[in-house]
C-alpha cells in the first residue's frame, strides 16, 4: 500500500468504499423490499384467520373437531399453497394442522405477537413458524369462540414453506439477475467516473510533485512555477504558489551563498598576493643584512632596516584589516548609536592626516554649512570610515592632489563626501571595489586592501552604504549618508 502513489491509493480506497456502499445498498434494498412485501401480505390477509374462524365449526362444547379442522385446512392450503394454517389452544399449543407427519417442529407458538396483532399494533408483526423454528414470519390470527367463550386461536402463517421453496427456486431468475446487473453496472460506471475525477483532481498535485522532484538551486524549476497568476485559489494552488516562492528564496540564497563563496576564494587569492610581496621583500632585506653584515656601512644598514620595517608594517596592517573584517562579518559586532557633532569628528580625523598630506605635497580641505544637525551613529566606526577613506585618498594619489571632505544636510540625513582631484580609478578596480576582488583582476602596480570593504560593512550596520560617484572632473568621489539625530 505504501509503495502506491497517492492517486492509486485514493482510487483503491474509493473502489473499496464503492463496493462496500453497493453491498450495503443491495442489502438495504432487499431488506426494504422484503419488509414492504411483508406489510402488504399481512394487511391483505388481515381478515383471513377471522374468516376461517367464523365460517367453520372448528370446536363445539365437547372440544376441538379434528376431522373438520384437518379437512378445512387441507382445502385452504390447496387453494393458497403460500399459507399454512394452525389451530392453537389458549396456551399456544398446536392442536390442529394440515402439515405432513414430521414437518411441524414446534409444539407451542409464542402468543405475545398474536396478542399484539389482535390489539392492532403496527404492521408488520412477525410470529413463530412451526415448521422452521429459526425464523419468524408474518401471520394472521383470530380467536375461536364457542358460546361466547374463547377456546383458542386460528394461526395462519402467510409465507409458508411452499412459498420459501418457490422463492429459493426462482432467486436467480431474470428479475433478480436484472436488478443485480443494473446495480453492478451502476457501480462500475461510478467507479470509472470516480477514477477519472480523481485523476483530474490530483493532476495539479502530480505536476507539483514532479516540479519538486526536478527542483534545482539554479532557479529553472522555481521560475517555471512562479510564472503567471493563480486563478483558482484551492489548496493545491496555494501550495504550488508557496513552493514557488520558497524555491525563489532558496535560489536567491543559493546564488548569494555562491557569490559569497567565490568572494571568499577571491579574498584568499587577494590576501595571498598582498602578503607575498611584502613578506618576500622583508625576507630579502633581512637576508641581505645577515649575509653582508660585515661589509655594509651604517647608512646602508639603516636603509635596509627601514625598508624591512615598512614591509613589516604592511603585513601587520593587512592582518589587522583581515581580523577586523572577520569580526564585522561574524554578526557579533553591533554599533553603539549615540548623537554627536560630525564636523568635530571630521576636524579631528583631518588633523591626524595633516603631516602625511604635507609629506606628499597634498592639500586637505573641508566644506560644510555653518549649521549642521548632529548625527546618530557609532562614533568609533564612523571615525574608522573617515580614516580609511582619507588614508586611501592620500596613499593612492600623486603629489599636488586636493582631498576634500564635504558635508551637506539632507534631512533626515546628513550626506558625507570624500573627493580627490587625482587620476581616478581604472574600470577594473571600479568593478570590484566594494567586494573581495580577485588579485588577478588588478592591474600591475595597483595595491589592494580591505579598507573599502571594512568601510562598506560598517556603514551597512548603520543602514547605509558607501558609493562611488561618477564625477565630471578627474578624480574619485565616495559618498555615504548618516541618520540625523
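Looking across the range 355-374, just one residue is in a helix (DSSP H, G or I) and crowded, with 16+ Cβ neighbours inside 10 Å, and that is 357. Of the candidates 277, 241, 209, the single residue that is at pLDDT 70 or above and either assigned to a loop (DSSP other than H, G, I, E, B) or under 30 Å from residue 454 (Cα atoms) (or both) is 277.
Of 116, 131, all but one fail to be surrounded by 19 or more Cβ atoms within 10 Å (Cβ to Cβ) and either in contact with a helix residue (DSSP H, G or I) (Cβ under 7 Å, 6 or more places away or on another chain) or farther than 16 Å from residue 45 by Cβ (or both); the exception is 131. Taking the range 468-485 as the range and being surrounded by fewer than 19 Cβ atoms within 10 Å (Cβ to Cβ) and assigned to a strand (DSSP E or B) as the test, the residues that pass are 468, 469, 477, 479, 483, 484.
Within the range 384-430, being surrounded by fewer than 17 Cβ atoms within 10 Å (Cβ to Cβ) and in contact with a helix residue (DSSP H, G or I) (Cβ under 8 Å, 6 or more places away or on another chain) holds for 387, 428. In the set (1) under 16 Å from residue 50 (Cβ atoms); (2) in contact (Cβ under 8 Å) with a residue 12 or more places away in the chain; (3) assigned to a loop (DSSP other than H, G, I, E, B), residue 159 fails one condition alone, (1). With the requirement that a residue be farther than 10 Å from residue 362 by Cα and either assigned to a strand (DSSP E or B) or not assigned by TED's automatic domain parsing to the domain that holds residue 343 (or both), what does the range 375-409 give you? Selection gives 375, 376, 377, 404, 405, 406, 407, 408, 409. Taking the conditions (1) touching a helix residue (DSSP H, G or I) at 6+ places or on another chain (Cβ under 7 Å); (2) closer than 30 Å to residue 268 by Cβ; (3) surrounded by fewer than 16 Cβ atoms within 10 Å (Cβ to Cβ) in turn, residue 324 satisfies each one other than (3).
The values are calculated or read from the model by the stated rules, or taken from the named source; none is laboratory data. Remember, it's a predicted structure, so these values are computed and weren't measured experimentally. Here the Cβ is made from the backbone with ideal geometry for all residues, glycine too, and neighbour counts use every protein chain on show.
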